[in-house]
Each structure stands twice: as structure tokens, then as C-alpha cells.
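One structure is given here, and the rest of the page talks about it.
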Amino acid sequence: MPQATTLPASYLAQFSEQPGYLNFASYGPPSRDVLATSAQLMADAAAGAVGTADKLHAEDLRARAAFARLVGFDLDNVTLLPATAYGLMQLAFGVGGKVLVSAGEFPANVYPWLRAQQAGVGEVAFMGGARKMVTPELVAASLTQEITAVAVSAVDFQTGYRADLAGIRDVMGPHRLLLVDGIQGFAAVDQDWSMADAVAVGSQKWVRGGWGAGAMAFSDAGLERIKPVLGSWTGVENPTSYDGLPHEPRRDALKFNVSNLSPFATGAFASALELIEEAGIDAIAASIAATTGVLIEKLEGAGVDILSPLEASQRAGIVVAGFPTGNAAEAHTALALAGISATLHGSQRIRLSAHATTDNETLSHAALILAGFA
Ligand SMILES: Cc1ncc(COP(=O)(O)O)c(C=O)c1O
């Protein structure tokens, strides 16, 4: 493991993915703690003792608290989600006004704005396009007076480009809201998330907490200005006083809640977040950055085109290899046959993504296979 010295051995010992796993941008194999937590919570549910449901749902607070600490927002400004995309729907229906977003965003950050516009609760303006980087310059050139919010991914799923959130914040000015899809960045980079008025993340990728949970954090302005249009029964005051009356939405970020979440998922998320806290997000991010740097070097050495940014400040955990002759599918099959997981994007691109636990042999092996297709 290339960066073992920067991370506690106890962190590295938590993971058991097979060598060859280079697909963390798709999902990150969970830790032993996550496995143990899920199994225990499921066993508790199976036993069905008095008070079990309350005990299981208390996992929500453990996850919210850990997320709040890691993302740097107050607990009241943080709520949980079943997945990132559910948070983006809440933002799109609640923010109002006209939102500027790249047409090249992951679809979970495109359809909510279209749906909100179709429902008549907001407007969308598109900028950029597929694989166009959302730079502060692009945002500045696309802003019009009517734009009230900008939505962007912290790290682009397709290019690996890490957005300059501070730069975007600067060109937007203080009055527009910055809405961030953080799933490809959170727990992969050491980011100051306080630039965002809302940031939504999921548990299943870089957090390594498995599917079914995520979280969303709001600045005070975001919390005040984004309405819980899609909030439901668990997002109101006194949700269980079944009095037949509509109740006021909560004032904290829990106003966006729709229903109870799976405690198996939120408990797993909590354990994954606590492990990140223990190891230090800075150490994990540094290790991921170093590992992806080595991967880029090895691919370049093998004659493979790199289509993701080379500049360290502009990338996170994603490295995109290019196959200009259109043989990416064959290369991807060769990787799979060699036990290497990666994501095929069309006929010319393979997305590789490494974590702090990725070993040097995996990086060398991938480069060796891909050399044959360069
Ligand atoms: C940038 C981005 N946003 C959103 C999603 C969807 O995340 P979730 O499944 O947590 O809704 C993905 C998943 O690949 C993604 O890459």
C-alpha cells in the first residue's frame, strides 16, 4: 500500500476488498465496522425486543452527528437522506428562482431541475455540456441577473474534475445560493464545504458505508431560503400526534425529511463516518491524491492517454483513461478478465478510481493491461 505510513494501520486493516478494485467512484467496498454494524442492527431487529425500533432509529443521530462534524456544519443544519439524488430533488423543488447548472452533470443533478421547472416551481438555465469543466469562468460567463442559485458537483463523475468551489462562490456573489452535489468529493478530498449553501452526499462511494443512506447540510441562508416543498410527515413538528391537522414544518434541516430511514443503512453510514473521523479526512484525502498520482504516472508510462485533469488541485480520486481509436470496451473487458474493476464510459473512456487502500500492484497491473490498448 503506497501511503500506509500516513494512515493508521487500524484504518487500513478495516478493509478487505480484492486487489484490482479500481471503481470507488461507482461504489466503495465497505469496512469491517460497517459490516459488523449492519449485521448487529439486523440481528437486533430479528430479536424484536421491546424498544428495538427506537434503539435502531437512534442510529440516525449517530450518523447526523458524525456527518455534521466532518462536513463542518451545525447539527441543526444537517439531515439524512436515502441517497444523494433525493437531496437534489428536495433542493430543486424548494429553492425557487432560476438555477444555473451544467448540462454535463450526472443525471441525478439534471432531472430535478427539469422536473421542478415542469411543475412550475422553478426555472433552470443550462451551461457547459458533457465533459465541459464547470470553472468559475464558465459560471461567470453563464450568469444572468435572474439566476438565484448555481448547482454543481464538487467532483465531476465523468472527468474527475474537482470544481473550484471557492472560485465559483466568488464569481456568484454572496446573494445567490451554491448547491453542491458532493458525492464524488466528500471523503475523497479535504474540502472546505462551508462555501456551499447546501451539499448532498451519499454513503456508498468514497465514504464506504454501503447503499441506502446519505446526508445533506445547509448554510444558515440555505436553510432559511430553501423550502421543504417535498418534506413529508417526519419533517414536521409533533409528527406522531395524529390529530388530523397539518403541522408546521420543523425549523431545522429535518424539515426536508420524508419518512423514517432504514436504520441498517444509517447505522452503516454512521460507522463509516466515524472511521473516517478517526483516521482523519486529511490523511485519507492525501493518500487518495498520492495513489491517483501514481496511477496517472503508471498509465502515462504505459502510453495511455489521461483525460482527467493532471493538475493535483483539479482532481480527486477519479482518473479517466482515453482510447481514441474506440477500443475502450475491449480494454475494459481485458481489465475485468484480469480481475480489475473499473467503469466503461462509451467507446473511448474508462474511469478508474482508487482509494487509500489501493495497492501499488493494482495500479501497475491496470497500467500493464491498458498498455496493450493504448
Ligand atoms: C455526481 C453524482 N451525483 C449523484 C449520483 C447519484 O448518487 P445516489 O445514488 O447517492 O443518489 C452519482 C452516482 O454515480 C454521481 O456520480
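Across the stretch 219-231, not a single residue is classified as crowded, with 24+ Cβ neighbours inside 10 Å, within 13 Å of the ligand (Cβ to nearest atom) and at pLDDT 95 or above. Out of the residues in the stretch 186-206 meeting the condition of being without any contact (Cβ under 8 Å) to a residue 40 or more places away in the chain and part of a loop (DSSP other than H, G, I, E, B), tell me which one is farthest from GLN90 (Cα to Cα). Among residues in the stretch 186-206 that are without any contact (Cβ under 8 Å) to a residue 40 or more places away in the chain and part of a loop (DSSP other than H, G, I, E, B), the one farthest from GLN90 (Cα to Cα) is GLN191. Here's a check for you: in the stretch 136-164, which residue that is among the hydroxyl-bearing types (Ser, Thr, Tyr) and within 12 Å of VAL101 (Cα to Cα) is farthest from the ligand (Cβ to nearest atom)? Across the stretch 136-164, the extreme among qualifying residues is THR148. Criterion applied to LEU273, LEU261 was being modelled with pLDDT of 95 or more, within 17 Å of the chain's Cα centre (by Cα) and either under 13 Å from VAL78 (Cβ atoms) or not acidic (Asp, Glu) (or both), and the one residue passing it is LEU273.
Taken together, the residues in the stretch 139-167 that are more than 20 Å from LEU310 (Cα to Cα), of a type outside the set (Gly, Ala, Ser) and surrounded by fewer than 23 Cβ atoms within 10 Å (Cβ to Cβ) amount to 6.
Would you confirm whether any residue within the stretch 234-257 is within 20 Å of LYS205 (Cβ to Cβ) and touching an Asp or Glu at 6+ places or on another chain (Cβ under 8 Å)? Among the residues of the stretch 234-257, not one is within 20 Å of LYS205 (Cβ to Cβ) and touching an Asp or Glu at 6+ places or on another chain (Cβ under 8 Å), which makes the answer no.
Of all residues in the stretch 186-206, exactly one satisfies the criterion of being more than 11 Å from the chain's Cα centre (by Cα), within 16 Å of the ligand (Cβ to nearest atom) and of a type in the set (S, T, N, Q), namely GLN191.
Per-residue answers, yes or no, for (1) β-branched (Val, Ile, Thr); (2) over 11 Å from the mean Cα position of the chain (by Cα); (3) not assigned by TED's automatic domain parsing to the domain that holds LEU22; (4) not in a loop (DSSP other than H, G, I, E, B):
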| residue | (1), (2), (3), (4) |
| --- | --- |
| GLN184 | no, no, yes, no |
| ARG208 | no, no, yes, no |
| GLY212 | no, yes, yes, no |
| ALA215 | no, no, yes, yes |
| GLY222 | no, yes, yes, yes |
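Out of the residues in the stretch 252-273 meeting the condition of being touching a helix residue (DSSP H, G or I) at 6+ places or on another chain (Cβ under 8 Å) and assigned to a loop (DSSP other than H, G, I, E, B), tell me which one is farthest from LEU35 (Cα to Cα). By that ranking, first place goes to ASP252.
Only one residue in THR159, THR234, THR148 is of a type in the set (S, T, N, Q) and part of a loop (DSSP other than H, G, I, E, B), so which one is that? None of the others qualify; the one that does is THR159. Note on the stretch 165-185: among residues that are touching a strand residue (DSSP E or B) at 6+ places or on another chain (Cβ under 8 Å) and among the hydrophobic types (A, V, I, L, M, F, W, C), the one that is nearest to the ligand (Cβ to nearest atom) is ILE183.
The values are calculated or read from the model by the stated rules, or taken from the named source; none is laboratory data. It should be emphasised that the depicted structure is a prediction, and the values quoted were computed from it without experimental measurement. Using ideal geometry, Cβ is built from the backbone for each residue, glycine included, and neighbour counts are taken over all protein chains shown.
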